[in-house]
Amino acid sequence: MVPALGQAFGKKEMKRVDISVFLIASGKDEILPEPFNTEQYLKVLPQYHKFSEAGHFVCLPECSMLVKVIAMQACRDVGTPRAEIHPELQRMSHSFLTKHLK
């Protein structure tokens, strides 16, 4: 899903990836901003989807009240709320897994 450590892998290492990768990028990542994170992967891995109006935690489930108290930053949506993105994310995940896990 949304990767981290974009600077840890160069083009040489990424070209060695020979399996299908399901990559999601968030365009408003407030924790790991561009151009230092996801863009490093997008330069080399051909298949990805970028939710341009989503924040860093877009792939996490919606937070319960308890989680909101404990981990408020992880529950705050930047841009499009994760609840609006999850149906499309689920569809894309299902399609990818159906195609590549045989």
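Throughout, read-outs are computed from the coordinates displayed, never taken from laboratory work. Here the structure is a predicted model, which means the values were calculated and not measured. All Cβ positions, even for glycine, are placed from backbone atoms using ideal geometry, and neighbour counts span all protein chains on display.
Which of Lys15/Lys68; Lys68/Lys102; Lys12/Lys68; Lys12/Lys50; Lys12/Lys99; Lys50/Lys99 have a Cα-Cα distance over 30 Å? Pairs exceeding the cut-off: Lys15/Lys68; Lys68/Lys102; Lys12/Lys68.
For the chain, the longest principal axis of the Cα atoms and the long axis of helix 82-100 meet at an angle of about 30 degrees. Within the chain, the cysteines lacking any other cysteine Cβ closer than 4.7 Å to their own Cβ are Cys59. Okay, helix-only estimate at 222 nm for the chain: each DSSP H run of n ≥ 4 adds -39500 (n - 2.57), divide by all residues, round to 500 deg cm²/dmol; what do you get? Here the helix-only value at 222 nm equals -10000 deg cm²/dmol. Entry note, the chain: relative contact order of 27 percent, from Cα contacts under 8 Å with a spacing of 6+ residues.
Each of Ala71, Ser26, Leu45 was placed along the dipole of the range 6-100 (beta-carbon charges, centred on the mean Cα), and the one lying farthest toward the positive end is Leu45. Values (i) 1.47; (ii) 1.14; (iii) 1.03 are given for comparison; Cα Rg over 2.2 N^0.38 Å, derived from the coordinates here, is the one labelled (ii). Assuming charge only on the beta carbon of Lys and Arg (+1) and of Asp and Glu (-1), the dipole of the chain about its Cα centre is about 420 debye to the nearest 20.
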